Ligand code: GLC
């Protein structure tokens, strides 16, 4: 298939959907314990429907000792009492479906909690029938770990813990409280398939599979190359066994009606490698595309990310995903601010540009060819919370992006906690202004921009499923064209802090569908892109630019 070309015909829902990630601890709290829960999510589903998203991905809410805030699961088939119970989950799914929202849940197949009955059993004795459900190795003569693999979070820590009681090391790509399952054991694979069936039978529309490239490992457990010293093994593990396991998971999903899907977290350093996890349309439906999550606010870097993504995925017919923020990384608004500060931007400029950059990024996210994922709170323009040392709780230092979402301008911002309780993390910053109720009342807010952008996307076949081609543009501007059966839409993003004159007859005079900074649309695009402004325009058939009605070009742009 030619780059940028998209086959016609009906498309699966997950290719056309906008996903919204809920991190349950921080979304909404129904019982005043300061930790969000399923009833809290349920009470705000209508807000998500109003926003216009199509699917909600809910991070883990399963039984867990919370060493990694739910990514250490001690029972895959139950809800942790902190979050509610199975009946509450069933209500949530019913309500979501009634509102037209799909529900996708996290699935953590690489590791369990060390408190999972499987691990308690496996670690009880070398003779346990479940011993080989996990990866054990004998002590080495010099007492060092079995290989040089490094765990995530603390890059000096080995991915192994010595288990005194049974005299062997066990493998954990993350915390020692998260022992890796051994998927080479058919019983493990079967048990994990059962956990998928459990939730599919309850009506979930799909899964976000956590570090799913970890389920196949080289059984010889060879050292990582010395030049990769300090790189966590989870970013390097890329073994062929995973692919046949993903094919088995895919056929399990395909056995259910209703296009159940899986989006995988394949955290590898190369996009080509990630692309292989789509298989030949027989493994993952989608895989997260991480380079844009780390790209600074620079047009050439985004251009490269986009080119690399399509170069790796298009030859396989694999559908891309786009993400700016998630629960593991600093919020993009703050990332862009920090990168600009490192590049010498002063505080006054940053104050002006910060929200403008986040707005333009939102337009980019929602107009690229592929499935966008919005992380809770980015639709409010939230920045990273500044969490004081005394309140930091995460072993991976990710508290700042997990601050509770402010719902209103009241003193508790919609998180009324019981006497003696506090929210588990401090509230997100600027909560008096950046909260849902206040922003819902202001058509100029970031919230309304997301809503408009999602609506414009939904109404445009070109944006939802059209072809994609990068266009020539002045330095600091990214321009791309989307097209579908005569619907031609141009997206123009100014990554610089100054106005740019595009002087491009193919877009001047076009109908403005969306502007990142202004809900009041002008009749025809005048070719001038404001600082950090993104504009989406639709070409009128049979018209060409007249230049009429242009704003005066500022002196600085005159030759
Ligand atoms: C994934 C999750 C992250 C978690 C880790 C271990 O990377 O996104 O939050 O800590 O897996 O499960």
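A few remarks follow.
- Test: residue 411 is surrounded by fewer than 16 Cβ atoms within 10 Å (Cβ to Cβ), over 19 Å from residue 48 (Cβ atoms) and at pLDDT below 95: no
- Test result for residue 385, away from the ligand (no atom under 16 Å from the Cβ) and modelled with pLDDT under 95: no
- Set side by side, the residues 518, 523, 504, 532 differ, and just one is touching a residue at least 12 places away in the same chain (Cβ under 8 Å), over 12 Å from residue 491 (Cα atoms) and touching a helix residue (DSSP H, G or I) at 6+ places or on another chain (Cβ under 7 Å), which is 532.
- Some residue of region 242-254 being touching a helix residue (DSSP H, G or I) at 6+ places or on another chain (Cβ under 9 Å), over 18 Å from residue 280 (Cβ atoms) and part of a helix (DSSP H, G or I): no
- Screening region 309-325 for residues that are crowded, with 23+ Cβ neighbours inside 10 Å and within 22 Å of residue 356 (Cβ to Cβ) and picking the one that is nearest to the ligand (Cβ to nearest atom) gives 325.
- Meets criteria (within 15 Å of the ligand (Cβ to nearest atom), within 23 Å of residue 288 (Cβ to Cβ), surrounded by fewer than 20 Cβ atoms within 10 Å (Cβ to Cβ) and under 24 Å from the mean Cα position of the chain (by Cα)) for residue 231: yes
- Residue count for region 249-278, restricted to those that are away from the ligand (no atom under 16 Å from the Cβ) and over 12 Å from residue 316 (Cβ atoms): 15.
For every residue, the table says whether it meets (1) out of contact with any strand residue (DSSP E or B) (no Cβ under 7 Å at 6 or more places or on another chain); (2) surrounded by fewer than 23 Cβ atoms within 10 Å (Cβ to Cβ); (3) under 27 Å from residue 154 (Cα atoms); (4) touching a residue at least 60 places away in the same chain (Cβ under 8 Å).
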{"position": "366", "(1), (2), (3), (4)": "no, no, no, yes"}
{"position": "383", "(1), (2), (3), (4)": "yes, no, yes, no"}
{"position": "394", "(1), (2), (3), (4)": "yes, yes, yes, yes"}
{"position": "401", "(1), (2), (3), (4)": "yes, no, yes, yes"}
{"position": "423", "(1), (2), (3), (4)": "yes, yes, yes, yes"}
{"position": "434", "(1), (2), (3), (4)": "yes, no, no, no"}
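- Residue within region 469-487 that is part of a loop (DSSP other than H, G, I, E, B) and at pLDDT below 95 present: yes
- Helices (runs of 4 or more DSSP H) fully within region 263-361 counting 1 or more residues that are closer than 28 Å to residue 12 by Cα: 271-275, 291-294, 299-313
- Residue 395 vs. criteria over 25 Å from residue 52 (Cα atoms), part of a loop (DSSP other than H, G, I, E, B) and within 16 Å of the ligand (Cβ to nearest atom): yes
- Enumeration of residues in region 527-542 that are touching a strand residue (DSSP E or B) at 6+ places or on another chain (Cβ under 9 Å) and assigned to a loop (DSSP other than H, G, I, E, B): 527, 530, 531, 532, 533, 539, 540, 541
- Qualifying residue in region 473-496 (condition: farther than 20 Å from residue 303 by Cβ, in contact with a helix residue (DSSP H, G or I) (Cβ under 7 Å, 6 or more places away or on another chain) and buried (at least 23 other Cβ atoms within 10 Å of the Cβ)): no
- Some residue of region 503-521 being within 17 Å of residue 306 (Cβ to Cβ), at pLDDT 95 or above and crowded, with 19+ Cβ neighbours inside 10 Å: no
- One residue stands out in region 84-114 among those that are within 16 Å of the ligand (Cβ to nearest atom) and part of a loop (DSSP other than H, G, I, E, B): the one that is surrounded by the fewest Cβ atoms within 10 Å (Cβ to Cβ), namely 114.
- Total residues in region 63-80, condition within 12 Å of the ligand (Cβ to nearest atom) and over 18 Å from residue 398 (Cα atoms): 2
- Residues in region 179-195 that are touching a residue at least 60 places away in the same chain (Cβ under 8 Å), farther than 22 Å from residue 220 by Cβ and touching a helix residue (DSSP H, G or I) at 6+ places or on another chain (Cβ under 9 Å): 191, 192.
- When each of 29, 33 is tested for being under 22 Å from residue 435 (Cα atoms) and either surrounded by 17 or more Cβ atoms within 10 Å (Cβ to Cβ) or within 16 Å of the ligand (Cβ to nearest atom) (or both), the lone residue that passes is 29.
- Filter result for residue 348 (surrounded by fewer than 19 Cβ atoms within 10 Å (Cβ to Cβ) and either touching a strand residue (DSSP E or B) at 6+ places or on another chain (Cβ under 6 Å) or closer than 26 Å to residue 473 by Cα (or both)): no
- Identity of the residue in region 119-129, more than 16 Å from the ligand (Cβ to nearest atom) and surrounded by 20 or more Cβ atoms within 10 Å (Cβ to Cβ), that ends up nearest to residue 287 (Cα to Cα): 122
- Residue ranges of strands (runs of 3 or more DSSP E) in region 142-215 with at least 2 members exposed (fewer than 15 other Cβ atoms within 10 Å of the Cβ) and away from the ligand (no atom under 15 Å from the Cβ): none
- Set 464, 512, 456: member being outside any helix (DSSP H, G or I) and over 30 Å from residue 343 (Cα atoms): 512
- Where a residue in region 229-242 is closer than 15 Å to residue 171 by Cα and its partner, wherever it lies, is assigned to a loop (DSSP other than H, G, I, E, B) and modelled with pLDDT under 95, with Cβ under 7 Å and at least six apart: 232/155
- Any hit, region 330-344, residues being touching a strand residue (DSSP E or B) at 6+ places or on another chain (Cβ under 8 Å) and within 16 Å of residue 263 (Cβ to Cβ): no
- Of all residues in region 274-300, those satisfying the criterion of being surrounded by fewer than 17 Cβ atoms within 10 Å (Cβ to Cβ) and within 30 Å of residue 343 (Cβ to Cβ) are 294, 296, 300.
The values are calculated or read from the model by the stated rules, or taken from the named source; none is laboratory data. Since this is a predicted model, take the numbers as computed values, not measurements. Glycine also receives a Cβ, built like all others from the backbone with ideal geometry; neighbour counts cover every protein chain displayed.
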